[in-house]
Amino acid sequence: MFKLFKDIRYKHKMKKQRVKRKYSDDMCWDLQYTLLEILPKMIETLRKGKHSYPEEKFEEVDTFPHSWIKENLKELEKDFSDKKYEKPNIKDPFTRWHLILKRISYCLIQADETQTIIKNKYEEEYDKQLWGVDDWEAEKKLSVKGWFKRHTYVSKRDENGKPLLHAFDFKEVEPELRKNYWQEEERINTYRNSMKTEAFNLINKYFWNLWD
């Protein structure tokens, strides 16, 4: 009961901080992930409220992947139709500005390891071996406390036998699987970094045009 009361007090404190100063302490602990979660939503909200565009040529649009352009033009067609705008045209600066903003949001999402469309195909098997798991579905249902209890051991005790330190109980992973897993992780990280760089290059160029 005391822990529950403490959690409620903590959440209330964070909420008060967000009201007072627009952010809370817990948003700063993994700031990169906070930004990757919030910025795409903010950019998309800005885009949906757009009625004009800056006097730019938006050359970057011509470098975006063709398949991505095609898919997002379809989305814009529905969006524009709902707002009684003219049909999107790749040569029209208003359309190109919307594509720039959508690309920023997309790239930021792809830079986030929890949201990116690219997943490590070796991850599940690697984790099964690393943690000695047979039933992966049952493993996913474990509480944090249950998972910690199952996969750690006491590595140090005090003179009275009270636990001081816990260590993770890692298992051996097949060498070939380990190699494949980490090679795939490197490929994914390279992709995520390229998406992050592209997003912030666009933000840097159009920073003073991010108004409604």
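General remarks:
- Count of residues meeting criterion [assigned to a helix (DSSP H, G or I), within 25 Å of residue 119 (Cα to Cα), among the charged types (D, E, K, R) and over 26 Å from the mean Cα position of the chain (by Cα)] in the stretch 131-182: 1
- Enumeration of residues in the stretch 188-210 that are touching a residue at least 40 places away in the same chain (Cβ under 8 Å) and exposed (fewer than 13 other Cβ atoms within 10 Å of the Cβ): 193
- Among the residues of the stretch 121-156, the ones that are in contact with an Asp or Glu (Cβ under 9 Å, 6 or more places away or on another chain) and either among the aliphatic types (A, V, I, L, M) or surrounded by fewer than 12 Cβ atoms within 10 Å (Cβ to Cβ) (or both) come to 4 in all.
- Selection of first residues in the stretch 34-52 that are part of a helix (DSSP H, G or I) and of second residues that are of a type in the set (Lys, Arg), restricted to Cβ pairs under 7 Å at least 6 apart or on distinct chains, gives the following pairs, ordered by first then second residue: 47/102.
Read the figures in this text as sums done on the coordinates, not as results from a lab. It should be emphasised that the depicted structure is a prediction, and the values quoted were computed from it without experimental measurement. Reconstructed Cβ throughout: ideal geometry from the backbone, glycine too, with neighbour counts over all protein chains shown.
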